Structure formats: structure tokens, C-alpha cells
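The values are calculated or read from the model by the stated rules, or taken from the named source; none is laboratory data. All of these numbers come straight from a predicted model, not from anything done at the bench. Note that we place each Cβ from the backbone using ideal geometry, even for glycine, and neighbour counts take in every protein chain shown.
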Amino acid sequence: NKQLELAKKGTVEIITIEELKEVLKKKNPVAYIGYEPSGKIHLGHLITIKKMIDLQKIGFKIKILLADYHAYLNYKGELDEIREIAEYNKRCFLAMGLSKDTEFILGSEFQTDDDYVLDLYRLAHITTLNRAKRSMSQIIREAGEHKVSEVLYPLMQVIDMVHLGVDVSVGGMEQRKIHMLARDNLPKIGYTPPVCIHTPIIHGTDGSEKMSSSKGNFIAVDDPPKVIKDKIMKSYCPAAKIDGNPVIEIAKYIIFDENKKILIERPEKYGGNLEVNCEELINLYSSGELHPLDLKNAVAKYLIKILEPIRENLTSKMGD
Ligand code: IYR
């Protein structure tokens, strides 16, 4: 089945495939993803938006939640600043190629509705503090003392799924524990949880756990070519190492998502040019036959090409 193949492409896991098959039979299935508005939209966001575009292509209606209250609860700033950033994020997401009928929703448009809040209390009633806290381990902003907002956040994310009427919820692997909380606890308050699709997380250019706008270890979708090249050249990229190597991840999740094969240009004395698919690249690199510098040059070249239309879109629409 072509639809299912496209839905699966590049994902880490789908919970569950059987349920997804059922959802695909529906007339107007809905898929959603939420983002805390962020000053920089980077390759981590791009991986998930590309998945939303895949789902859009196979007939899903797409809802993008600009989670302003969530960002506020996670100490990302004051509400008015966050909403301004949300506007910019919406332009970035559209520039990445989502179609015009994508629906953008601010969390604050519905997250204080009476029935939303009542469901939040019902979920709070049955969810242990421990589980709510654990679900935030990869999402919470590093801070000193733990605040109640930390447990409000995941409960709201779970209630979002039912109040936005979604069949599928998409997120990076860091969202997994919140999704599992939804899968386990929504049925206890009378709701059917959505199918969960998880995409890979990309490491920061410094090799740290994830690319994050607050850590300055990202490549933004609107970085100019020179900046992209510079950031790739300075990226953590240990020879012969695949795991946790952000340059390899960019190749695997972004470049090979759009190209079957890539051309690696090398001087004759270092072995000359190579044309490789993803598997071949990974084999060559892990055997040490491909030097980090040659890998970086190729990745920078292709990444610049992929990001160019997004940047063009954004800058030409400036001031609209
Ligand atoms: N937890 C997400 C933001 C978020 C996602 C969904 I899906 C929501 O319903 C609400 C918030 C993040 O880490 O950015």
C-alpha cells in the first residue's frame, strides 16, 4: 500500500500500524503536531514538517498547533512575545511546503474552553504525579526548582489531542512519553487515543543530545548558504562514527529523504568522486574510507540546495 509506505518513511515508530490502517480508511482523517513557538526554526522542525507534508499528500487534513500556553508554561517568555514568534513560525512552516489548506491554531484559542478544562481536571484526577513528571524529561527547560506548570503541560498536550479531534499525533521521539501517557490514560476518561507517529531526533551540531534553538547548536531553515557551510564545517563529526553524528543524521534524514543518490566530490588523490545511496554512505563512513571533511563538503552542498527554496520563500514574503 503506497499510502502506508509514505506514512512510514523515515519514522522511528508508529503506534500502531494496525490503527493507522483503519484511520486511512476514513473519509477525512486529521493529523496534527504541536510546537512551542520558537525564535529559530531549524532542521529538527524540518524533519517533522516533512512528515506532515507526507501525510498531507496521502489525504490527511493537517492541523498545526502553535502551543503558546505550553511555551509559557515551559518558561519560554511572556505570552505577547510568544504569540509574535508564533506568527513567524507559521510563515516558516508554510515556506517549507505545507499546502495552503493547513490549519494553524493557537493553543490559547481553545485551551481555556469550559469543556477543555473539565477534561483536564478529569485527566488530572487519574494521572500520577510521577508519570506526568517523567513524561517531561526530554521536553522541560532546564531550570532550578520544579514548578506545577511542569505537570500541567503534558496533561494539556494529551487533552489537545481530543479537543482538536485528531486521528494521528506526530512528534519527535522526545514526545514519546507524553504520547504513551495519552495512549494509556485517555481510554480511562472515555476517549480513544490517536495513532502516534514518532520521527527521529537530530543531535545538535555540537554533538549534544538534540538540536535546540535555545542552545545555539542548530542550523536554521533560513540560515544563508555561507552560515550553513560554516556550521557544517564546525560540526561534531567523529571519523567512522555513525551514532550521534549530526552530519550523518542530516544526510540520512534530510538529504536522502529527497535524493536516492548523492555525489561526493573528492580530489583524485583521495580516491576521486563517489556516487552513493544512503546505505552505501553509511557503510563507507563507518569503515573509515570516507573522511569527515569529504562528508561535510557533500552534506553542506546538498543541504544548501534543499534549504534554498525555503529561505527564498521566507525572504520574498517578508512584510506580507
Ligand atoms: N511538547 C511539544 C509542544 C506541543 C506539542 C503538542 I502535539 C501539543 O498538543 C502541545 C504542545 C514540544 O516539545 O515542542
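Segment 1-111 holds helices (runs of 4 or more DSSP H) entirely within its bounds, and those carrying 2 or more residues that are surrounded by 19 or more Cβ atoms within 10 Å (Cβ to Cβ) and not β-branched (Val, Ile, Thr) map to 43-57, 68-73, 79-95.
Filtered by the rule that a residue be surrounded by 18 or more Cβ atoms within 10 Å (Cβ to Cβ) and closer than 21 Å to residue 311 by Cα, segment 230-246 gives 231, 232. Return the residues of segment 169-191 that are more than 12 Å from the ligand (Cβ to nearest atom) and closer than 21 Å to residue 7 by Cα; say none if nothing qualifies. Answer for segment 169-191, where residues must be more than 12 Å from the ligand (Cβ to nearest atom) and closer than 21 Å to residue 7 by Cα: 180, 183.
Do we have any residue at all in segment 76-92 that's among the basic types (Lys, Arg), within 13 Å of the ligand (Cβ to nearest atom) and under 23 Å from residue 211 (Cβ atoms)? Scanning segment 76-92 turns up at least one residue that is among the basic types (Lys, Arg), within 13 Å of the ligand (Cβ to nearest atom) and under 23 Å from residue 211 (Cβ atoms). Picking from residues in segment 112-130 that are of a type in the set (A, V, I, L, M, F, W, C) and without any contact (Cβ under 8 Å) to a residue 12 or more places away in the chain, the one that is surrounded by the fewest Cβ atoms within 10 Å (Cβ to Cβ) is 118.
Which one is surrounded by the most Cβ atoms within 10 Å (Cβ to Cβ) among residues in segment 135-175 that are of a type in the set (D, E, K, R) and more than 18 Å from residue 193 (Cβ to Cβ)? Let's see the steps before the verdict.
First pass over segment 135-175, keeping only residues of a type in the set (D, E, K, R): 141-142, 145, 147, 150, 160, 167, 174.
Next cut, more than 18 Å from residue 193 (Cβ to Cβ) only: 141-142, 145, 147, 150, 174.
Details: 141: 14, 142: 7, 145: 5, 147: 13, 150: 21, 174: 16.
Going through the qualifying residues, I end up with 150.
Selection of segment 257-281 for residues being under 29 Å from residue 309 (Cα atoms), out of contact with any helix residue (DSSP H, G or I) (no Cβ under 7 Å at 6 or more places or on another chain) and in a helix (DSSP H, G or I) yields 279, 280. Filtered by the rule that a residue be touching a Pro at 6+ places or on another chain (Cβ under 7 Å) and among the small types (Gly, Ala, Ser), segment 268-319 gives no residues. Look at (1) out of contact with any helix residue (DSSP H, G or I) (no Cβ under 8 Å at 6 or more places or on another chain); (2) within 12 Å of the ligand (Cβ to nearest atom); (3) under 30 Å from residue 305 (Cβ atoms) and you find that residue 37 fails only one, number (1).
Are there any helices (runs of 4 or more DSSP H) wholly within segment 169-256 with 1 or more residues that are among the small types (Gly, Ala, Ser) and at pLDDT 95 or above, and if so which? Talk me through it step by step, then tell me what you get.
Working: elements: 176-185, 225-233, 246-249.
Result: 176-185.
Identify all residues within segment 247-296 that are of a type in the set (A, V, I, L, M, F, W, C), farther than 24 Å from residue 201 by Cα and surrounded by fewer than 16 Cβ atoms within 10 Å (Cβ to Cβ); write none if there are none. Within segment 247-296, 263 is the sole residue that qualifies.
For residues in segment 150-168 being farther than 22 Å from residue 52 by Cα and within 11 Å of the ligand (Cβ to nearest atom), which is nearest to the chain's Cα centre (by Cα)? Residue satisfying both the conditions and the ranking: 153.
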